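Worksheet for the structure shown next.
The values are calculated or read from the model by the stated rules, or taken from the named source; none is laboratory data. Every value quoted in this text rests on a predicted model; they were computed, and no experiment measured them. Every residue, glycine as well, gets a Cβ built from its backbone with ideal geometry; the counts of neighbours run over all protein chains shown. Heavy atoms of the whole protein, side chains included, go into the accessibility calculation; ligands, DNA and RNA do not. Shrake-Rupley method; radii C 1.70, N 1.55, O 1.52, S 1.80 Å.
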Amino acid sequence: MKLLLLAPPGAGKGTQGERLAAWSSVRHIAAGDLLRAEARAGGTLGREIAAYQVRGDLVPDQIVLDVLTPAVTEAAAGGGYILDGFPRNLPQAIAAAELAARLGVTLDAVVYLYAPDAVLTRRLLDRAQQSGRSDDTADVIRHRLRVFAETTGPLVPYYTERGILVAVDADQPPDPVTADIQARLAGLTRAADR
Ligand code: ADP
């Protein structure tokens with residue numbers, strides 16, 4: 001299974017990514033988590049990453065690729081991956097397609113989780129206390145949602161045109177969201193078998 005999870009902040013891509021990875025026995029690769037780990041490790045690169053993350057801006061594409069490529073390469077060799085939070089703009093989508101071609105893998109689907117901005121904002125503010133993330137403040141949340149709409153949003157028509165977008169309503173509790181994704185993916189597999 002090779003899946004991308006495309007979702008605005010607060011839609012639950014981390015939660016769903018973990019569940020889907022366990023369900024399909026592949027590795028869950030969360031771009032934001034890998035970048036945060038790199039930031040925590042410090043050094044010049046870590047400090048640079050942290051500076052983008054704290055503002056809610058996208059980390060430059062080349063850094064993201066350098067951090068993610070080894071994990072994706074390893075996971076592809078091991079049978080697949082759920083890639084959450086990457087790609088996040090058109091140049092990254094093109095780089096992701098090139099990487100997949102180089103590794104000889106094809107994407108099964110891109111799961112797009114959507115929910116109204118008001119719902120996403122409320123969720124992010126609710127969890128801000130526990131998350132301990134420097135980017136979970138009201139101003140930065142607003143900015144992250146804007147970055148998603150302007151920069152990541154165009155990937156929805158991009159993958160729709162390629163016939164692999166699966167859009168799921170994320171404005172429901174986690175269990176029904178998981179069930180909807182699984183039902184849609186099972187439908188895809190059946191269609192492919194015909
Ligand atoms: P969220 O989707 O809630 O913002 P993530 O953990 O996915 O949470 O991303 C947090 C931050 O990490 C982003 O605001 C950005 O700074 C950085 N980041 C994550 N993925 C990417 C990516 N593919 N390209 C550039 N920056 C990224």
So which pairs qualify, if the first residue must be in segment 26-55 and farther than 19 Å from residue 12 by Cβ, the second must be within 11 Å of the ligand (Cβ to nearest atom) and open to solvent by 60 Å² or more (accessible area, probe 1.4 Å), the Cβ gap must be under 8 Å, and the two must be at least 6 apart or on different chains? 45/38; 46/38; 49/38; 50/134; 53/134; 54/134
Looking only at residues that are assigned to a loop (DSSP other than H, G, I, E, B) and touching a residue at least 24 places away in the same chain (Cβ under 8 Å) in segment 163-194, which one is surrounded by the most Cβ atoms within 10 Å (Cβ to Cβ)? 170
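Just to check your reading of the model, which residue among 113, 145 is among the aliphatic types (A, V, I, L, M), out of contact with any His (no Cβ under 7 Å at 6 or more places or on another chain) and assigned to a helix (DSSP H, G or I)? If you could, list the steps in order and put the result at the bottom.
Numbers: 113 fails: assigned to a helix (DSSP H, G or I).
After ruling out the rest, the residue left standing is 145.
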Quick check: is even one residue across segment 72-85 in a loop (DSSP other than H, G, I, E, B) and open to solvent by less than 20 Å² (accessible area, probe 1.4 Å)? yes
List every residue pair whose Cβ atoms sit under 7 Å apart, with the two residues 6 or more apart in sequence or on different chains, where the first one lies in segment 118-143 and is acidic (Asp, Glu) and the second, anywhere, is not in a helix (DSSP H, G or I). 135/56
Expected output for segment 1-19 (first residue without any contact (Cβ under 8 Å) to a residue 60 or more places away in the chain, partner within 11 Å of the ligand (Cβ to nearest atom), Cβ below 8 Å, 6+ apart or cross-chain) is none
